[in-house]
Structure formats: C-alpha cells, structure tokens
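Here is the structure we will look at.
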Amino acid sequence: MGPMPTISVVSMKGGVGKTTVTLGIASAAWNRGLKVLVIDLDPQANATMGLGVDNPPFTTNDVLADARPGIAVDAILPTPWGANVHVIASERSLEHRNAREGAYSELRMKSALANVPRTYDIVLIDCPPSLGELTRNALSASDAALVVTEPGYFALHGAQQAVEAVDVIRSSTNPAIRTSTILMNRARTTVAEHRMRIQELQDAFGPLVSPVMVPERNAIPQSEGAGIPIHAWDSPAGRELSGVFDQLLDQLLYPFGRAVREYP
Ligand SMILES: Nc1ncnc2c1ncn2[C@@H]1O[C@H](COP(=O)(O)OP(=O)(O)OP(=O)(O)O)[C@@H](O)[C@H]1O
Ligand SMILES: [Mg+2]
C-alpha cells in the first residue's frame, strides 16, 4: 500500500475555482483508473452536486458532529462517476460547524478520518471560501494544500492569506503539511493584465506557483452542471482541460512518489 496523499483545495475568496479544481483533479484520477475520495467540506455542497450525488444520507456535518475516531468511514458514499470515485458529501447545515467548538475542534476531521482504508490513491478536500474552522479542519487532516487564485487585483493578497493560514496550521496542529502549491485559474496569457498578475504572483511566491494554469472555458460550467467528469466531456475544450488536470494531478502526486503515468 502506497502513501495516500490528502490534499485540501483552499482560498479565502469565493468563486475562484476550488470546486472546479477539485472535480478536475478527481476527473484526472478517475480517468487514470485511480481510486479517489472527495471530501466536501463546503456547506454549499457544490462538489457533492458536481459528482452527481443528491440527498446524501450522511454528510461531513454528521461526521464533524460526531467526530468519534474513524467515524468518517461510515459516511463514504459511492458516486455516479464510477466505482473508483467516492465522496463524503456535504449539506447546508454544515454551516453550523464553521465556528470553533473547544480546544481541539480543528482536529475533528483528522480524527474522524483515522480509519479510512488506505486504498485511495488520492483524497481531495473541497473547502468553503473562508479560512475558518472548516478549512482549518481540512488543513489539519491534509498532507498538502492547493491554493486556488485568479489573476485579479486581489489575487496576490488572497493567496498570501491562504499560504499564511497553511503556515499557521504547520506550526500548530499539522507540522507535516507540505509547502502550499498556488494554482492560477481562469488565466489568459493573451491579456496583459493577466500576465502582470501572474508575474506578480511568481515574484512573490517563486516555485510555489504551479506552472500549470487552468484556462477559462465554458466546458467547465457545462460539464459541472451535467455532473460529468471533464475527461468524459467530448469537445476540444474538454480535451484541453483534461490535459491540464492530468498535468496538475502529476504535479500533486509527484512528491508522494506515486507512479506518475499510471494509465489503465
Ligand atoms: N476556468 C474556468 N472557466 C470557466 N468557468 C469557470 C472556471 N473556473 C470556475 N468556473 C465557474 O465559475 C464558478 C465558480 O467556480 P467554483 O465553484 O469552482 O469556485 P469555488 O472557489 O469553488 O467557489 P466557492 O468559493 O463558492 O466554493 C462556477 O460556476 C464554475 O463553473
Ligand atoms: Mg466551491
């Protein structure tokens, strides 16, 4: 049994593409025949919906409410994406858990995940648009963080806040969490303003900025709305995005010594 990299997808700002990136990486893993678990820690439940799961019987809200060691295993659900793609779903009421509840409350998810079978090739945690208690729970249970940003005026500031939040976790609940990777979504290198924002980010964070960038394409909202993995979206944009998320998956798995090209 190899390592089971657990990666939180985070940002302070809303709507920058966390869920899109979570689903895109899950799609790349699915396409490669890998086993993937998506944990939806956002009360908006967009990842749950994007995986085609409606009215889940158990959610991350139940997991955090109970928080007995290992309890998360009972909340793992199958998804219509395929036998290798599982989810711990979310629901609106998870919102009530975004506040501190006692000294160790940011360790509830880690504890609940203790017994998850180490058969997954990758575990992805989709976070809400804040660096509050739910995101702290995700980061405390993760091996790495993927900070998503867009090439806007506040991108640098937002990425900085998220990287700092990860650093705080490293110096408190989770010393083993790796240096963050920063991913630019909706980047258009033909736009001068975007090139400037990308350069700004690279000047500030150097090699933390992923060389992989996700372009802006209508295939993203279309495939998400249909609950279909981007790798199954048969269009030029679908194929382009599949290639982007393949590269991103390779980059994320590489430090964990996973086989980089493990196609079925
Ligand atoms: N690269 C892209 N090209 C086109 N549309 C995109 C792209 N990335 C994201 N979107 C769309 O933008 C919207 C917001 O993206 P998404 O839901 O992934 O962001 P988020 O960071 O998860 O949002 P929230 O903070 O609310 O959880 C969605 O409708 C999504 O389909
Ligand atoms: Mg989201």
For His86, solvent-accessible area (1.4 Å; no DNA, RNA or ligand), Å² | 40 Å²
Estimated dipole of the chain in Debye, rounded to 20 [Cβ of Lys and Arg +1, of Asp and Glu -1, Cα centre] | 380 debye
Probe 1.4 Å, protein heavy atoms only - accessible area per residue of the chain in square angstrom | 42 Å²
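Would you mind getting me the FRET efficiency between Glu216 and Asp167? Use the beta-carbon distance for r and R0 = 22 Å, nearest 0.05.
Details: r = 30 Å, r/R0 = 1.35.
Computed FRET efficiency for Glu216 and Asp167 comes out at 0.15.
What ranking of Met12, Met213, Met109 comes out by heavy-atom accessible area, probe 1.4 Å, highest first?
Met12, Met213, Met109
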Gyration tensor (Cα) of region 6-256, equivalent ellipsoid semi-axes in angstrom = 26, 22, 15
Return P(r) of region 69-192 (all Cα-Cα pairs; 5 Å bins starting at 0; whole %; ordered from short to long distances).
-> 2, 9, 17, 21, 18, 16, 9, 5, 2, 1, 0
Ignoring ligands, DNA and RNA, what percent of the accessible area of the chain is carbon or sulfur (1.4 Å)?
-> 53 percent
From DSSP H assignment alone, runs of 4+ in the chain each adding -39500 (n - 2.57), the sum over residues rounded to the nearest 500 puts [θ] at 222 nm at -11000 deg cm²/dmol
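May I ask you to derive the FRET efficiency for Ala232 and Thr179 from their Cβ-Cβ distance with R0 = 30 Å, giving the value to the nearest 0.05?
Numbers: r = 33 Å, r/R0 = 1.09.
Here the calculated transfer efficiency is 0.35.
The values are calculated or read from the model by the stated rules, or taken from the named source; none is laboratory data. Because the structure is a prediction, the values reported are computed rather than measured. All Cβ positions, glycine included, derive from the backbone under ideal geometry; neighbour counts span all protein chains shown. Accessible surface is based on the protein model in full, side chains and every heavy atom, while ligands, DNA and RNA are left aside. Shrake-Rupley method; radii C 1.70, N 1.55, O 1.52, S 1.80 Å.
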